[in-house]
Amino acid sequence: MLYPSNFEQKLGFDQIREMIVNRCLSNLGIDLVEKISFSTNQDEISEMLTLTAEMKTIQQFEENFPTQDYYDLIPELLRIRIPGTYMEPEQLSELKLSMQTIQSVLVFIGLRKEKYPCLYAGCRMHDTGYDMDNPASCILDLASVIKKVETLINDKSQVRDNASPALLKIRREKTAKQNSVERMVIQSFKEAKKSGWTPDDTDITIRNGRLVIPLVSNHKRKIPGFLHDESATGQTVYIEPAGSFEVNNEIRELEYAERREIIRILTAFADSLRPDIEELIKNYHFLGEIDFLRAKAMFAIEIGGMKPSSVKGWEMGDPQSPIPYPLSLTWHHAIHPLLYLSHKSQKKKVVPLDISLDGEQRILVISGPNAGGKSVCLKTVGLVQYMYQCGLLPPVKEDSEFCIFRNIFIDIGDEQSIDNDLSTYTSKLLNLKFFIENVDEQSLFLIDEMGTGTDPSLGGPIAEATLESLNAKGSYGLVTTHYSNLKLLAGRESGIFNGAMLFDAKKLKPLYQLKTGKPGSSFAFEIAHEVGFPEEVLDNARKKTGVSQLDFDRELQNLEVEKQEINKKESELGVADEFLAETIRKYQKLKDDLEKSKKEILENARNEARQLLDESNKLIERTVKEIKESQADKVKTKEVRRDLDKMKEKLTGEESGSKSQVSGSKSQVSGSKSQVSGSQNPIINYQLSIINSPKSPYQGYVDDINRKLLSFELTLDLRGKRVDEAQAILQRYIDDATMLSINEVRILHGKGNGVLRLVTRDYLRSRKEVKSAKDEVLERGGAGWTVVVFR
C-alpha cells in the first residue's frame, strides 16, 4: 500500500518517470515506463534489477548494440488481421528495419549468454521461437520475412518494378507513354517559341501533374489543347497540347491499374504474414522491453545507480506470510537522484547519506537547523526505497543492503485544502490517524516536521504519543522535528533513536551530513543573527528562552562537529604510524638481506683466495723446476723471474687496494651509523670493499630501494587519465608498492561516470597481493577514493 494518492508527485518520482520516457526510442518502451509500479515480490524485484544492471554494463562497455529502428508495428499488425487489408510500403520498410533490430538484439545477447545470463534467459522466456543456442537462427524465421519484404520494397519505400510480372508490364507501358508525352510537348514548345508565342525566359512547366506550355494569352488559340492555368496578371496561359492530352489520359488509366496491382501485391503479402501475426506481436513486445531496459540503464548510468549486494526482509508471495526475521536496511553513499542531477548541471556536489535501520533501531528522529537537509534526507530515503521496489537501480554503493516493505506512508509538504476546509494541522492529523490505523511490522513511514502547525505545547505531546503508538506496532520510519520532547523520547524509548543534521556553529553553515546517535540543535538564534535580525529582539528572546537551553543545544552540536574532526585526525595519525612501522620493518628486512649477502660474498672471496694461493704455489714450484732444468741459464731465469714478479704484484696490489678501500668504509643498515673497522685479514677487507664499492650490484640494489622509498607516495591520482593510461600507471604503482612491502595505499579516481573506479577495482581484484579494495570513509572522500590493503 502507498499513501497518499499523490505519493509519486510528493517524492518526485513522476520526474524520474519522465526522464526515463525521454530516453526511450519507441512508444513500446514508453508504454512500459508508464506501467512502472511498486512491487513487493522479492523475485520480481531482483529480476528487474539484474536485467537493468546487465543492460547498464552493455551500454557502458559494449559496442554495436542496436540503438535505432525501434519501430512499433503492433497497431499495423493488429489492423491487418482482417482479411483483405494490407500495409502500405512505408510500414513495410519499418517492419523490415525493426525486425532486423530484433534479430540483431537477439544475436548480440545469444553470443554473450555467459556475460548476461539474465538477459539471455529473458529472451528464452519470451517464447519468441528464437534458438538462443544457435545465434545464426532467427525468431519466426526473421531472415525469410525480411527477405520477402526486400523483394517487394526498395530502400526508398517504393514497391519494386519486378514485384510481379503484371506490375512490370504496366510500369514499362506507362514509362513509354510518359516519354511520348514529353516528346510531343517539347516539339510543341519549340514551335511556339520559334513563332514568338511564348513569353521571354520561360520553359516547359507542370500544372495539375501535366506537362504544359506557357503561351502569351493573345496566342492561346495558336496551339490546340487544354487550358490548365494562367498567371496572376492573366498575360500568360498554360496549355496542354491536344496530342499529349489524350496520351496523359491513357497514362492516368495505367496509374490506376498500377495502384490496383500494388494493392493486390501488398494484400497477398499480408495474407502470407497473417498466420504469424501473434508471434510477431510477441517479438515487438520483446523489442519494447529491450527499449525499456535500455532507457532505465541509461538513467542509472547518469545517477550512478547500482544493484545492491543483498536483500533482507520477510518472505514474499503470501500476503499473510510470517516475518522470518526483522527487516533491516543499511545504505552507504545514498543520494537523492534529482538533487544530484540538478547539482551536477551546476557543477556542485551532493553530500551522500549513510543510514541504517534494523529491529533494534527502527525509527530515526532527525533534528537540526532549518535548511540543514532534514527534508532532503527524508525524501532521499522515500525515493530511493521506492525506486528499488519499482525495479530501478538505486543511487547507492554496491555493498548497500535493502529490505522490502509492504507499505510506504509519507507525510511530506503542506496538504492545506480550501475546497475541503482543511488546515495544515488538520491534514497532518488525518495523515497520522491513517498511519496509526494501517502500519505494521512491514511498513515504512516518513513524516516531515512532525507535530507542527499548532500550539507547540499541545502539538508536541500529540506527536510524542503518536510516535509511541507507531513504535509499538513495530513499524519503521524517519521523522524530522524541532521538538525537544521527541528528541528526549528517542533517548528513552526502545526502537527509537536520534539523528542530527550537522551544522558548523563557527561558520554558521549547514554541513548536510546525517549523524546518528545524538539529537541536533535548531540554531535558531545563530541563524537569526546571521541574517541580520534585530539584536535587541534576539536578546529579549534569549532571556525568555533561558541560557541553559541555548547552551545545551549549542554545545551538543559543537561536540559532534569536534568529534568528527578528532576522528579524522586519529585516522590520519593511524595511517602515519602504520607507515612508520612498515618503514622500520622494511629496513630491518633490508639489513637481514645485506647480512646474508655479505656472508655469501665472504665465502666466495675465501674460495677465490684459496684458488689464488694454489695457483701461486704451483707457479713457484714450476719456476724452481725450470731454473734447475735450464741449469741457471740467465735469459731463461730472467723470464721466469719476470713471471714471478707479475704474480707478486697482483697479490700485493689487491691486498693494499683492499686495505685502502676498507679503512674509510661505513655501512648504514636500518638507518643506523655503524663504523666497520679494517680487518687484519686482507681477504676479508677485500670482500667488504666489494660490498661497499659503487660498482657493486648489491650497492645498486640498495640505492634503488632507497630511492623508491623516498619518492613513493601513499596516494595515486588517476583523475583525468584515459582508461589505458590509468591501467598502465596503476600496474606500475601496485608493483612498486608490492616490492616495497607497503601495507596500505589510497587511489583517487573521482566519482564522475564511474569508469575509472570500475577499471581500478577490476584490476585490483586480479592482483593476488591485494587483500581488500574498498571505498574511503565518507569524511575523507567516499566513493571517489579506493583504499587498498595488501596481504
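The values are calculated or read from the model by the stated rules, or taken from the named source; none is laboratory data. Just so you know, these numbers come straight off a predicted model, no measurement behind them. Cβ atoms come from the backbone with ideal geometry, glycine included; neighbour counts cover every protein chain shown. Side chains included, ligands, DNA and RNA excluded: accessible areas come from the protein's heavy atoms. Shrake-Rupley method; radii C 1.70, N 1.55, O 1.52, S 1.80 Å.
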- Would you work out what percent of the accessible area of segment 326-452, with all protein chains in place, is carbon or sulfur (probe 1.4 Å)? 49
- What nm distance separates the two modelled labels at E779 and E615, each placed 7 Å from Cα along Cα→Cβ? 6.9
- Just subtract the alpha-carbon distance of K190 and D762 from 0.36 nm times their residue separation and send over the number in nm, one decimal. 198.0 nm
- Task: Pop the C-beta distance of R274 and A242 into the FRET formula with R0 = 45 Å and round what comes out to the nearest 0.05.
- Result: 0.40
- Protection proxy ranking, peptides 763-769, 44-50, average beta carbon neighbours within 10 Å, highest first: 44-50, 763-769
- Between I462 and F434, what is the label-to-label distance in nm when each label sits 7 Å out along the Cα-to-Cβ direction? 1.7
- Task: Work out the charge dipole of segment 327-476 with +1 on the Cβ of Lys and Arg and -1 on the Cβ of Asp and Glu about the Cα centre, then indicate which of G359, F402, I335 is farthest towards its positive end.
- Result: I335
- Item | Area accessible to solvent at K35, 1.4 Å probe radius, in Å² | 140
- Highest-first arrangement of 211-219, 84-92, where packing means the average Cβ count within 10 Å: 211-219, 84-92
- Task: Quote to one decimal, in nm, the extra length available between S484 and C118 on full extension: 0.36 nm per residue of separation minus the C-alpha distance between them.
- Result: 126.7 nm
- Task: Figure the gain on full extension for E595 and S37 (residue separation times 0.36 nm, minus the Cα-Cα span) and round it to one decimal in nm.
- Result: 193.7 nm
- Message: What distance in nm lies between label points placed 7 Å from Cα along the C-beta direction at Q15 and A176?
- Response: 7.1
- Query: Tell me, how many Å apart are the Cα centres for segment 272-286 and for segment 338-413?
  - Reply: 43
- Violations at 26 Å Cα threshold for listed pairs K307/K751; K113/K307; K708/K771; K598/K768; K598/K771; K148/K169 -> K598/K768; K598/K771
- Query: When ranked by the protection proxy of mean other Cβ atoms within 10 Å per residue, highest first, what sequence do the peptides 772-780, 719-727 form?
  - Reply: 772-780, 719-727
- To the nearest 0.05, the calculated FRET efficiency linking D229 and N154 through their beta-carbon distance, R0 being 41 Å, is 0.75
- Task: Let me know the charge dipole size of segment 742-781 about its Cα centre in debye, to the nearest 20, where only the beta-carbon of Lys, Arg (+1) and Asp, Glu (-1) is charged.
- Result: 140
- Message: If you average the alpha carbon positions of segment 461-478 and of segment 37-85, how far apart do those two centres end up, in angstrom?
- Response: 43
- Can you flag which of K515/K569; K348/K397; K35/K282; K348/K487 are past 28 Å Cα-Cα? K348/K487
